[in-house]
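Q: Handing you this structure, nothing more for now.
The values are calculated or read from the model by the stated rules, or taken from the named source; none is laboratory data. Keep in mind the model is a prediction, meaning the values are calculated, not measured. Neighbour counts run over all protein chains shown; Cβ positions are idealised from the backbone, glycine included.
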Amino acid sequence: MTWTLPEPMLTTPVADPGLPPGSAAEPKWDGYRAQLARWSGERVLLRSRQGTDMTAAFPEVRDAALAQLPNDTGLDGELVVWESGRLAFERLQQRLAHRSGAGARAAARTWPVHLVVFDILHLDGRDLTAWPYARRRAALERLFANAGLSTPFTLCPSTTDPATAREWLTWTSAGLEGLCFKRLAEPYRPGDRRGWSKYKVRATTDAIVGAFTGPANAPRTLLLGRHDHTGALRYTGRTTPLTREAAVSLAEVLAPAAGSHPWTGRRFSAGWGARDVLDVTLVQPAVVVEVAVDVARDGAGRWRHPVRLHRVRLDLSPRAVAPFGD
């Protein structure tokens, strides 16, 4: 092996759904970001945005990589599961619970994944990351055509037509989140948040779980935070009451605080401007959740109103969450 996968190029949110000049638009899929490498000697790596090896959890992708991809190929894309005509993010979470062996094979038969490929990073011994997007896209389309790539590989649509991009926004009923915009002349910049942008139809954001209310086996609400620019975990707000299903799922992944916790000794009020103090249980600030929020904040940058839990993001680490105040 003479090459490695680069860090994934990242996106930054934008408020305008219009296609910028000199850019291409792609649908934004509701799944797990994943990079795939196929080396000679039948070595395959499927890894998450955070660098976690997911190869054993998705054996159908490994099998297809060995059967369909040329040696020394590196791809970037999104793992998705379709169920009843729409994207089912929760099934991906369940797939990761079966990380290897017979359990992973059984889960693959029940909830097979697709890898929606939107970029090519390496091909025929060449590093393509310095190529502009338009040239990489042409190489990716040739790979799909020449190698006859098929399930679980899917070529992500791409367009420079604003009308087509607007039409894709109507696919949200099938679970698409919005659009990604990529400048045609830009190379692949590993780890760069500024290069690509994303427009999301729904207003959601990520936060870190620092504590919860209610019993440990069925948390009632979550207390959320974000790290400020000094690394301190700052309180941002609390969720509305969790559904029973969400509470049970979170009980399985939240770990009690060990040692010093940044919120030790802190008292939390029941709401913005309220005097009642909550009885909370501190947890390891390691689990990321996605929540639906409004824009109202108090003077300290906290959300004034409780936020609604959208989903747990086991594919993200606290480092991926935007800083406090953003």
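Q: I'm told residue 82 meets every condition in (1) crowded, with 17+ Cβ neighbours inside 10 Å; (2) out of contact with any Asp or Glu (no Cβ under 9 Å at 6 or more places or on another chain); (3) aromatic (Phe, Trp, Tyr) except one. Can you identify the failing condition by its number?
A: Evaluating residue 82 over (1) crowded, with 17+ Cβ neighbours inside 10 Å; (2) out of contact with any Asp or Glu (no Cβ under 9 Å at 6 or more places or on another chain); (3) aromatic (Phe, Trp, Tyr) leaves (1) as the failure.
Q: Same structure, new question: Name the residue that is surrounded by the fewest Cβ atoms within 10 Å (Cβ to Cβ), counting only residues in the range 272-305 that are at pLDDT 90 or above and assigned to a strand (DSSP E or B).
A: Taking the candidates together, the pick is 281.
Q: Going through the range 17-64 one residue at a time, which ones are touching a residue at least 60 places away in the same chain (Cβ under 8 Å) and small (Gly, Ala, Ser)?
A: If the condition is that a residue be touching a residue at least 60 places away in the same chain (Cβ under 8 Å) and small (Gly, Ala, Ser), then 18, 22, 23, 24, 25, 31, 34, 37, 48, 64 are the ones that fit.
Q: Restricting to the range 66-98, name every residue that is within 22 Å of the chain's Cα centre (by Cα) and more than 24 Å from residue 310 (Cα to Cα).
A: Passing the criteria: 74, 75, 76.
Q: Could you list all residues from the range 52-69 that are under 19 Å from residue 8 (Cα atoms) and out of contact with any strand residue (DSSP E or B) (no Cβ under 9 Å at 6 or more places or on another chain)?
A: 52
Q: If you don't mind, there's one more thing I want to ask. So which residues in the range 212-236 are under 15 Å from residue 324 (Cβ atoms), under 22 Å from the mean Cα position of the chain (by Cα) and part of a strand (DSSP E or B)?
A: Hits for the range 212-236 are 223, 224, 225, 226, 227, 233, 236.
Q: Can you name the residue in the range 154-181 that is within 20 Å of residue 129 (Cβ to Cβ) and not hydroxyl-bearing (Ser, Thr, Tyr) and, of all such residues, is surrounded by the fewest Cβ atoms within 10 Å (Cβ to Cβ)?
A: For the range 154-181, the residue satisfying everything is 155.
Q: Got a sec? Which of 289, 277 is of a type in the set (Val, Ile, Thr) and within 25 Å of residue 92 (Cβ to Cβ)?
A: Result: 289 is the single residue among 289, 277 that is of a type in the set (Val, Ile, Thr) and within 25 Å of residue 92 (Cβ to Cβ).
Q: Among the residues that make up the range 158-174, is at least one of them closer than 27 Å to residue 74 by Cβ and acidic (Asp, Glu)?
A: For the range 158-174, residues closer than 27 Å to residue 74 by Cβ and acidic (Asp, Glu): absent.
Q: Among all residue pairs at least 6 apart or on different chains, which show Cβ distances below 7 Å where the first residue, located in the range 70-83, is in the same structural domain as residue 133 (by TED's automatic domain parsing) and within 13 Å of residue 176 (Cα to Cα) and the second is charged (D, E, K, R) and assigned to a strand (DSSP E or B)?
A: 78/33
Q: Within the range 170-183, does at least one residue satisfy the condition of being within 17 Å of residue 33 (Cα to Cα) and touching a Gly at 6+ places or on another chain (Cβ under 6 Å)?
A: Checking the range 170-183: not a single residue is within 17 Å of residue 33 (Cα to Cα) and touching a Gly at 6+ places or on another chain (Cβ under 6 Å).
Q: Considering only the range 306-326, state which residues are in a strand (DSSP E or B) and in contact with a helix residue (DSSP H, G or I) (Cβ under 9 Å, 6 or more places away or on another chain).
A: Matches in the range 306-326: 309, 311, 312.
Q: Further question: Is there any pair with a first residue in the range 234-261 that is assigned by TED's automatic domain parsing to the domain that holds residue 287 and a second that is acidic (Asp, Glu) whose Cβ atoms are under 8 Å apart and which are 6 or more apart or on different chains, and what are they?
A: Every condition considered, the pairs that remain are 234/228.
Q: Given the residues 143, 184, which is the only one that is crowded, with 18+ Cβ neighbours inside 10 Å and either touching a residue at least 60 places away in the same chain (Cβ under 8 Å) or under 30 Å from residue 126 (Cα atoms) (or both)?
A: Values: 184 fails: crowded, with 18+ Cβ neighbours inside 10 Å.
Testing whether each residue is crowded, with 18+ Cβ neighbours inside 10 Å and either touching a residue at least 60 places away in the same chain (Cβ under 8 Å) or under 30 Å from residue 126 (Cα atoms) (or both) leaves just 143.
Q: Within the range 48-59, can one find any residue that is of a type in the set (Phe, Trp, Tyr), surrounded by 22 or more Cβ atoms within 10 Å (Cβ to Cβ) and over 22 Å from residue 205 (Cα atoms)?
A: Filtering the range 48-59 down to residues of a type in the set (Phe, Trp, Tyr) leaves 58.
If we keep only those that are surrounded by 22 or more Cβ atoms within 10 Å (Cβ to Cβ) as well, we get 58.
Those still in the list that are over 22 Å from residue 205 (Cα atoms) too: 58.
Yes, some residue in the range 48-59 is of a type in the set (Phe, Trp, Tyr), surrounded by 22 or more Cβ atoms within 10 Å (Cβ to Cβ) and over 22 Å from residue 205 (Cα atoms).
Q: If you don't mind, another one. Cβ contacts < 6 Å: first residue over 24 Å from residue 166 (Cβ atoms), restricted to the range 1-16; second residue aliphatic (A, V, I, L, M) and modelled with pLDDT of 95 or more, any location; separation 6+ or different chain. Result?
A: From residues that are over 24 Å from residue 166 (Cβ atoms), the pairs are 5/37.
Q: Does at least one position in the range 27-46 carry a residue that is within 22 Å of residue 168 (Cβ to Cβ), crowded, with 21+ Cβ neighbours inside 10 Å, among the hydroxyl-bearing types (Ser, Thr, Tyr) and outside the structural domain of residue 316 (by TED's automatic domain parsing)?
A: yes
Q: Using the structure shown, decide if residue 8 is buried (at least 20 other Cβ atoms within 10 Å of the Cβ) and either farther than 14 Å from residue 180 by Cα or of a type in the set (Phe, Trp, Tyr) (or both).
A: In short, yes.
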